[in-house]
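Shown next, in structure tokens, is the structure this report addresses.
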Amino acid sequence: MLKPRIERLVFVSVTPSPYQRDVFNALSARGRLGLRVYYQERTPPDSPWPETPLAEWEAILPGFTVNWRGGRSHCNHGLPDPRPGEFWIVNGSMSDVTTQLLMRRLGTTTPWAFWGELPSKPTSPLRRRLQAWQYAPLSSARHIAAVGRRAADAYRALAPGVPVSNRPYACDLTAFAPTAPVRTAATDDPVFLFCGQMIARKGIDLLLLAFEQTLRHQPKARLLLVGREADLPSLLGDVPAATRQRIRYAGFQAPEALPAWFAKADVFVLPSRHDGWGVVVNQALGAGLPCILSDAVGASELVTENVEGHLVPAGDSTALARAMIALAASPETRARQSAAALARSRALSPEVAAEFWETVATA
């Protein structure tokens, strides 16, 4: 029996993230397959992204959300019935009613794939049973696109026999590419950049401690903070005045403004205690910035130790300070790692991701 020819990709995702939309735009521009994208909501309550007009192939599903134990579950309706010639990609939380119903609806009758980040690790027998039920429909998927190496390993265990690919997030990095040599020529005033929410999970408290230690060795170093203020005011209260004078807080910046701020930096730092991925790492590499990351950042797999930057144990401010001091003291190392970062970023383009989805659907 001949396999039906795939003519259109149908994505069901949570919200119009600018990073996923870069891939969708690339698919639309390639024009090899039709495209339809459905979102479960227009804007989540904590969205850092301003609303932008939707393309003709995008739509918001009607529905509502239920808040439960600190999480949110989407309950949507209005999805059309799958048609012959379509390949569906499900990108939603396993706690969503919409995601659960959709996976079971697609089953084995419609070709589909799942696209997701690292699953949580159950902490009790009850949670393990719940996770087993939530992830059971993956056995019917044609493919699983896991965001990161650890996620890929987890999905192989949860859905044995289903092909799994490690597919890091891809976003348009052209605006981040340096138009002039990055600031690695500076010898004694390196700028360290942090971009994200100023919260403990992101390790901002560790960064402030490490930066204070860095200044003892490199007193002209500077720290640039970009993102939501959150806990920053209280954390800065414990920082010595001399250290605060070397810190600039730029506030939250819209996605289109970020390239200009990345261009002001020499080194990117993300010391998260946990981060499912961290698209800011893609952006830092695209800007040609050496990266200092904790090993709890999903995107840390994009950085090889002492090639594109340095990896440090999560929660270890002393190790973080050592890495910052080393890069602050060596413009030559920063220049070498900057070139490696740019080279690494070329594999993270939306066009590469678009080609991947076309291949998965039509194989």
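The values are calculated or read from the model by the stated rules, or taken from the named source; none is laboratory data. These numbers were taken from a predicted model, which means no experiment stands behind them. Using ideal geometry, Cβ is built from the backbone for each residue, glycine included, and neighbour counts are taken over all protein chains shown.
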Any idea which of Ala141, Ala136, Ala113 is of a type outside the set (Val, Ile, Thr), assigned by TED's automatic domain parsing to the domain that holds Gln40, out of contact with any His (no Cβ under 6 Å at 6 or more places or on another chain) and surrounded by 18 or more Cβ atoms within 10 Å (Cβ to Cβ)? Ala141
For the range 26-44, name all the residues that are surrounded by 17 or more Cβ atoms within 10 Å (Cβ to Cβ) and either assigned by TED's automatic domain parsing to the domain that holds Glu229 or under 28 Å from Ala257 (Cα atoms) (or both). Ala26, Leu27, Ser28, Val37, Tyr38, Tyr39, Gln40, Glu41
Can you list the helices (runs of 4 or more DSSP H) found entirely within the range 180-289 that contain at least 3 residues being within 30 Å of Asp22 (Cβ to Cβ)? 258-262, 279-286
Kindly indicate whether Leu158 is without any contact (Cβ under 8 Å) to a residue 12 or more places away in the chain, more than 26 Å from Leu258 (Cβ to Cβ) and either out of contact with any His (no Cβ under 7 Å at 6 or more places or on another chain) or not assigned by TED's automatic domain parsing to the domain that holds Val312 (or both). no
Before we move on, is Pro53 part of a loop (DSSP other than H, G, I, E, B) and modelled with pLDDT under 90? no
Pick out the one residue from Ser95, Ser47 that is in the same structural domain as Lys121 (by TED's automatic domain parsing), of a type in the set (Ser, Thr, Tyr) and touching a helix residue (DSSP H, G or I) at 6+ places or on another chain (Cβ under 8 Å). Ser95
Among the residues that make up the range 13-22, is at least one of them under 19 Å from the mean Cα position of the chain (by Cα), at pLDDT 90 or above and in a strand (DSSP E or B)? yes
Evaluate the range 300-314: report whether one residue or more is touching a residue at least 60 places away in the same chain (Cβ under 8 Å) and assigned to a helix (DSSP H, G or I). yes
Evaluate the following for Gly227: is it out of contact with any Leu (no Cβ under 7 Å at 6 or more places or on another chain), assigned by TED's automatic domain parsing to the domain that holds Leu342 and buried (at least 16 other Cβ atoms within 10 Å of the Cβ)? yes
Based on what the data block shows, is Ala29 modelled with pLDDT of 90 or more, in a strand (DSSP E or B) and over 19 Å from the mean Cα position of the chain (by Cα)? no
Could you grab me the full set of residues in the range 126-154 that are in contact (Cβ under 8 Å) with a residue 40 or more places away in the chain and part of a helix (DSSP H, G or I)? Gln134, Tyr135, Arg149, Arg150, Ala151
Taking into account only those residues within the range 86-120 that are assigned to a loop (DSSP other than H, G, I, E, B) and touching a residue at least 40 places away in the same chain (Cβ under 8 Å), which is farthest from the chain's Cα centre (by Cα)? Pro111
Among what's in the range 238-264 and is of a type in the set (D, E, K, R) and more than 21 Å from Cys171 (Cβ to Cβ), pick the residue that is surrounded by the fewest Cβ atoms within 10 Å (Cβ to Cβ). Asp238
Tell me whether the range 315-333 contains one or more residues that are in contact with a Ser or Thr (Cβ under 6 Å, 6 or more places away or on another chain), small (Gly, Ala, Ser) and closer than 26 Å to Ala152 by Cβ. no
